[in-house]
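What follows is one structure encoded as structure tokens, with my remarks underneath.
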Amino acid sequence: MADVIRGLEGVLATETKVSSIVGQQLTYAGYDIDDLTENAKFEEVIFLLWHFRLPNEQELEEFKAQLLENMELNPRIYEHFEDYAADHVHPMTGLRTSLSYLAHFDPRAEEFNDEAHFNKATRIQAKVASLVAAFARVRQGKEPLKPKAELSYAANFLYMLFGEVPTDVQEEAFNKALILHADHELNASTFTARVCVSTLTDMYSGVTAAAGALKGPLHGGANEQVMKMLSEIGSMENVESYIQKKIDNKEKIMGFGHRVYKEGDPRAKYLKEMSRRITDETGQKELYDMSVRIAEILEEKKGLLPNVDFYSATVYHSMGIEHDLFTPIFAVSRVSGWLAHILEQYENNRIIRPRAEYVGEVGRKYVPVSERK
Ligand SMILES: CC(=O)SCCNC(=O)CCNC(=O)[C@H](O)C(C)(C)COP(=O)(O)OP(=O)(O)OC[C@H]1O[C@@H](n2cnc3c(N)ncnc32)[C@H](O)[C@@H]1OP(=O)(O)O
Ligand SMILES: O=C([O-])CC(=O)C(=O)O
């Protein structure tokens with residue numbers, strides 16, 4: 001058998017038209033991420049990822065209306081959230097479970113054809129924002145809110161979370177964050193989604209599995225850990241010693257490094273600038289200064305650069321978002337990419353089933369339990 005490639009580094013496991021990484025350039029269906037981040041609305045990007053083209057005006061209006069009309073949740077989901085809150089369930093665990101639970105209320109969950117897939121994808125994308133916002137409100141003892149017809153997806157999420165319509169500046173920043181997190185070729189959670197649905201299981205199973213993978217601190221869970229690290233450091237004067245200790249102990253520093261980008265993550269510059277602006281506006285500039293100092297030390301001492309999770313942490317923190325909601329918010333965006341890859345996998349499926357090299361014991365004989373030492 002061929003050599004084992006640890007972590008499947010560099011292995012081409014599928015073809016895709018959804019997104020591509022070439023050097024430091026990330027594109028969604030051929031559009032540079034810079035172009036989309038500067039100009040697009042998240043709804044257009046979702047459409048692009050699912051159809052490999054941008055919508056025309058009418059298609060966009062129709063798609064926005066479909067998202068809006070599917071945002072409402074079955075009230076039984078809120079009852080579940082009360083249980084999760086009472087049990088202090090992490091919101092990412094709650095999201096993983098509730099993505100699965102959504103299928104219980106979808107009478108067309110098992111339908112299997114192209115049209116059904118796109119409609120189901122729309123329902124999932126619509127509801128994921130409501131799930132995260134409602135969970136956050138229920139655990140604060142507040143009523144979940146219904147979306148407002150006149151608001152965009154980004155603005156509706158912030159409205160359903162905070163109970164206030166965001167300012168244009170807040171909406172714009174959050175729209176950019178959603179676009180930047182939407183897809184990333186064959187990252188671990190997307191690969192998980194593709195492996196899962198390659199058995200021709202349903203779409204809810206695919207996004208549930210993917211959410212489980214995103215939750216880990218080596219992937220989407222890193223953004224919450226970045227904020228934990230900044231809180232532990234506390235102030236600028238502790239940065240140097242804290243980071244040096246981590247380096248000496250060979251501990252991972254969250255928000256740094258990347259499997260594919262060795263020269264830097266092209267998304268980080270937007271989040272860095274957003275972090276600079278928003279920490280300044282909210283009187284939390286020290287958090288940004290500490291982040292920049294951490295990045296300088298890690299580049300100098302380890303050649304490590306920030307990934308998408310590093311500056312997003314201070315952006316979300318400064319927007320007043322609770323830290324354990326950072327990864328669920330990543331999921332609100334990334335579900336669009338998972339769904340794009342699931343649609344693509346269904347379109348041209350072959351079960352994903354690689355091999356493993358066996359390195360355990362061989363030739364053993366069964367010994368009755370009474371004779372075992
Ligand atoms: C949205 C996202 O998923 S972005 C990634 C989010 N994850 C994180 O921020 C967690 C921290 N980062 C990491 O754990 C890693 O960099 C990963 C998981 C992102 C990539 O892992 P890999 O591709 O296996 O790392 P890679 O092979 O490039 O590592 C090379 C060396 O740098 C070290 N390294 C990589 N990242 C870090 C880090 N954040 N802190 C300290 N050392 C690191 C590795 O330990 C390894 O050292 P070694 O050669 O002495 O063993
Ligand atoms: O591609 C990866 O391995 C991780 C990543 O940056 C992402 O999922 O956005």
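Let's see how each residue does on (1) within 11 Å of ligand 2 (Cβ to nearest atom); (2) touching a Pro at 6+ places or on another chain (Cβ under 9 Å):
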| residue | (1), (2) |
| --- | --- |
| Q170 | no, no |
| F174 | no, yes |
| I179 | no, no |
| T190 | yes, no |
| T199 | no, no |
| Y204 | no, no |
| I233 | no, no |
| N238 | no, no |
| Y242 | no, no |
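Within region 238-258, residues that are in the same structural domain as A268 (by TED's automatic domain parsing) and closer than 10 Å to L304 by Cβ reach partners that are within 12 Å of ligand 1 (Cβ to nearest atom) and of a type in the set (G, A, S) with beta carbons closer than 7 Å, at six or more positions or on different chains, in the pairs G255/A222; G255/A313.
Does L60 count as within 25 Å of F157 (Cα to Cα) and either surrounded by 14 or more Cβ atoms within 10 Å (Cβ to Cβ) or touching a Phe, Trp or Tyr at 6+ places or on another chain (Cβ under 9 Å) (or both)? Yes.
Select, from S130, S100, the only residue that is open to solvent by 40 Å² or more (accessible area, probe 1.4 Å), in a helix (DSSP H, G or I) and closer than 18 Å to A211 by Cβ. Even if it seems obvious, please write down each step before you answer.
Details: S130 fails: open to solvent by 40 Å² or more (accessible area, probe 1.4 Å).
None of the other options fit; the residue is S100.
Can you name the residue in region 82-97 that is touching a residue at least 24 places away in the same chain (Cβ under 8 Å) and open to solvent by 70 Å² or more (accessible area, probe 1.4 Å) and is also nearest to S205 (Cα to Cα) among such residues? It comes out as R96.
Note on region 10-52: residues that are in a strand (DSSP E or B) and open to solvent by 70 Å² or more (accessible area, probe 1.4 Å) total 3. When residues in region 234-256 are screened for being within 12 Å of ligand 1 (Cβ to nearest atom) and of a type in the set (D, E), 2 of them pass.
Test K252 against the stated conditions and say whether it is part of a loop (DSSP other than H, G, I, E, B), closer than 23 Å to E232 by Cα, within 16 Å of ligand 2 (Cβ to nearest atom) and open to solvent by 70 Å² or more (accessible area, probe 1.4 Å). Answer is yes for this residue. R259 meets all of the listed conditions (1) within 28 Å of H341 (Cα to Cα); (2) within 11 Å of ligand 1 (Cβ to nearest atom); (3) crowded, with 16+ Cβ neighbours inside 10 Å but one, namely (3).
For the condition part of a helix (DSSP H, G or I), open to solvent by 10 Å² or more (accessible area, probe 1.4 Å) and over 22 Å from Y84 (Cβ atoms), what is the one hit in E110, E115?
Numbers: E110 fails: part of a helix (DSSP H, G or I).
Every option except E115 fails the conditions.
Of all residues in region 39-90 being among the aromatic types (F, W, Y) and closer than 28 Å to Q225 by Cβ, which is nearest to the chain's Cα centre (by Cα)? So the residue we want is F42.
The values are calculated or read from the model by the stated rules, or taken from the named source; none is laboratory data. Since the model is a prediction, treat every value here as computed from it, not as a measurement. Positions of Cβ are generated from backbone atoms using ideal geometry, with glycine treated the same way; all protein chains shown enter the neighbour counts. To get the accessible areas, we keep the full protein, side chains included, count just its heavy atoms, and leave off ligands, DNA and RNA. Shrake-Rupley method; radii C 1.70, N 1.55, O 1.52, S 1.80 Å.
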